[in-house]
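**Q** Got a structure for you, questions after.
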Amino acid sequence: MASADEIYITIKSKGGHAASPQVTADTILVASQLIVALQQVISRNRDPFDASVLSITSFQGGHTTNVIPAEVKLMGTFRAMDEEWRFKAHDIIRKLATGLVHSMGAEIDLHIDVGYPSVYNNEQLNILAKGLAQKFMGDENVETTELRMGAEDFGYYTQVIPGCFYRLGVMNEAMGITSGVHTSTFNIDENAIETGMGMMAWLGAMTEF
């Protein structure tokens, strides 16, 4: 799973009348240009096959039709699978954003909140855990998940010691429990709790020595 960093940007000018945009920096326009420009951080600096995501998810500014606001706030997330590239990208984001905003006559406050690191499954532990899971659950109930750009604080452990992160299935189509996480209808089949406890006990007992 990916690292997860939060991006907070405030673009500032003195503001002004929408009918006289030439006397101020148009923060709405500057922010719009910046959002488009930030898309090249990954596409022009990273191999397309290396998973990485930069998404601006919030645009806040302005309250009426005839005023250019004095500030616009942007928020978003940056995610990566590679820790070295992660922090290199932070530098690119800062340089690109600062240069573009200043070139358009506005000021910028930019903060990148460094969050969870990437989750790296130790290869040997992964092979061991998968084999034990197949013995406990049956081959048909164990599968390898795809790379995901979601984040997980388990990544802190794998930065320090070898680790193996696995997911416990909680869906039950027969019961109508099919919604994903981060949805208003998310639910679980509570029978999965017993399965999860058994899996943890089984892995602990079989890897003790």
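The values are calculated or read from the model by the stated rules, or taken from the named source; none is laboratory data. In this text, all values refer to a predicted model and were calculated from it rather than measured experimentally. Here the Cβ positions follow ideal geometry from the backbone for every residue, glycine too, while neighbour counts run over all protein chains shown. Areas reflect the complete protein model, heavy atoms only, side chains present, ligands, DNA and RNA absent. Shrake-Rupley method; radii C 1.70, N 1.55, O 1.52, S 1.80 Å.
**Q** In this structure, does ILE193 turn out to be part of a loop (DSSP other than H, G, I, E, B), out of contact with any Asp or Glu (no Cβ under 6 Å at 6 or more places or on another chain) and of a type in the set (A, V, I, L, M)?
**A** Working: part of a loop (DSSP other than H, G, I, E, B): no; out of contact with any Asp or Glu (no Cβ under 6 Å at 6 or more places or on another chain): yes; of a type in the set (A, V, I, L, M): yes.
When the stated conditions are applied, ILE193 does not pass them.
**Q** On the given criteria, is THR158 among the hydroxyl-bearing types (Ser, Thr, Tyr), farther than 21 Å from ALA80 by Cβ and under 29 Å from the mean Cα position of the chain (by Cα)?
**A** On the way: among the hydroxyl-bearing types (Ser, Thr, Tyr): yes; farther than 21 Å from ALA80 by Cβ: no; under 29 Å from the mean Cα position of the chain (by Cα): yes.
No, not satisfied.
**Q** Still on this structure, please answer the following. Only residues that are over 19 Å from ILE28 (Cβ atoms), in a loop (DSSP other than H, G, I, E, B) and not aliphatic (A, V, I, L, M): list them for segment 69-106, please.
**A** Across segment 69-106, the qualifying residue is only ASP82.
**Q** Take the residues in segment 47-68 that are of a type in the set (Gly, Ala, Ser) and assigned to a strand (DSSP E or B); name whichever of them is surrounded by the most Cβ atoms within 10 Å (Cβ to Cβ).
**A** Within segment 47-68, the match that is surrounded by the most Cβ atoms within 10 Å (Cβ to Cβ) is SER52.
**Q** Follow-up question, since we're still on this one. Give GLN33, GLN124, GLN39 a once-over and let me know the one that is under 28 Å from ILE161 (Cα atoms) and not charged (D, E, K, R). Full working, then the answer.
**A** Numbers: GLN33 fails: under 28 Å from ILE161 (Cα atoms); GLN39 fails: under 28 Å from ILE161 (Cα atoms).
Unique residue meeting the criteria: GLN124.
**Q** Let me ask something else about it. If you go through segment 126-135 one residue at a time, do you hit one that is part of a loop (DSSP other than H, G, I, E, B) and within 22 Å of ALA201 (Cα to Cα)? Step through it out loud before you land on a result.
**A** The initial filter retains those residues of segment 126-135 that are part of a loop (DSSP other than H, G, I, E, B), namely none.
Checked segment 126-135: no residue is part of a loop (DSSP other than H, G, I, E, B) and within 22 Å of ALA201 (Cα to Cα).
**Q** Pairs only if they're at least six apart or on different chains, beta carbon under 6 angstrom, first in segment 34-57 and within 16 Å of GLU83 (Cβ to Cβ), second of a type in the set (D, E, K, R) and open to solvent by less than 70 Å² (accessible area, probe 1.4 Å); list them, first residue then second.
**A** SER52/ARG46; VAL53/ARG79
**Q** Does ALA192 meet the test of being small (Gly, Ala, Ser), surrounded by 15 or more Cβ atoms within 10 Å (Cβ to Cβ) and more than 22 Å from the chain's Cα centre (by Cα)?
**A** Working: small (Gly, Ala, Ser): yes; surrounded by 15 or more Cβ atoms within 10 Å (Cβ to Cβ): yes; more than 22 Å from the chain's Cα centre (by Cα): yes.
In short, yes.
Each row is one residue, and each column tells you yes or no for (1) open to solvent by less than 50 Å² (accessible area, probe 1.4 Å); (2) over 20 Å from the mean Cα position of the chain (by Cα); (3) under 22 Å from SER52 (Cα atoms).
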{"residue": "VAL101", "(1), (2), (3)": "yes, yes, no"}
{"residue": "MET104", "(1), (2), (3)": "no, yes, no"}
{"residue": "TYR116", "(1), (2), (3)": "no, no, yes"}
{"residue": "LEU128", "(1), (2), (3)": "no, yes, no"}
{"residue": "ASP153", "(1), (2), (3)": "no, no, yes"}
{"residue": "ILE177", "(1), (2), (3)": "yes, yes, no"}
{"residue": "MET206", "(1), (2), (3)": "no, yes, no"}
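**Q** Applying the selection to segment 155-175, what residues are of a type outside the set (A, V, I, L, M, F, W, C), surrounded by fewer than 12 Cβ atoms within 10 Å (Cβ to Cβ) and part of a loop (DSSP other than H, G, I, E, B)?
**A** Of all residues in segment 155-175, those of a type outside the set (A, V, I, L, M, F, W, C) come to 155-159, 162-163, 166-167, 169, 172-173.
Still in the running and surrounded by fewer than 12 Cβ atoms within 10 Å (Cβ to Cβ): 167, 173.
Once the filter is applied, which keeps residues that are of a type outside the set (A, V, I, L, M, F, W, C), surrounded by fewer than 12 Cβ atoms within 10 Å (Cβ to Cβ) and part of a loop (DSSP other than H, G, I, E, B), segment 155-175 yields only ARG167.
**Q** Another question about this same structure. Is it the case, given these coordinates, that HIS17 is touching a residue at least 40 places away in the same chain (Cβ under 8 Å), over 28 Å from ARG148 (Cα atoms) and surrounded by fewer than 16 Cβ atoms within 10 Å (Cβ to Cβ)?
**A** Values: touching a residue at least 40 places away in the same chain (Cβ under 8 Å): yes; over 28 Å from ARG148 (Cα atoms): yes; surrounded by fewer than 16 Cβ atoms within 10 Å (Cβ to Cβ): yes.
For HIS17, the condition - touching a residue at least 40 places away in the same chain (Cβ under 8 Å), over 28 Å from ARG148 (Cα atoms) and surrounded by fewer than 16 Cβ atoms within 10 Å (Cβ to Cβ) - is met.
**Q** Identify, by number, the condition in (1) open to solvent by 40 Å² or more (accessible area, probe 1.4 Å); (2) part of a loop (DSSP other than H, G, I, E, B); (3) touching a helix residue (DSSP H, G or I) at 6+ places or on another chain (Cβ under 6 Å) that LEU110 doesn't meet.
**A** Here LEU110 clears every test but (2).
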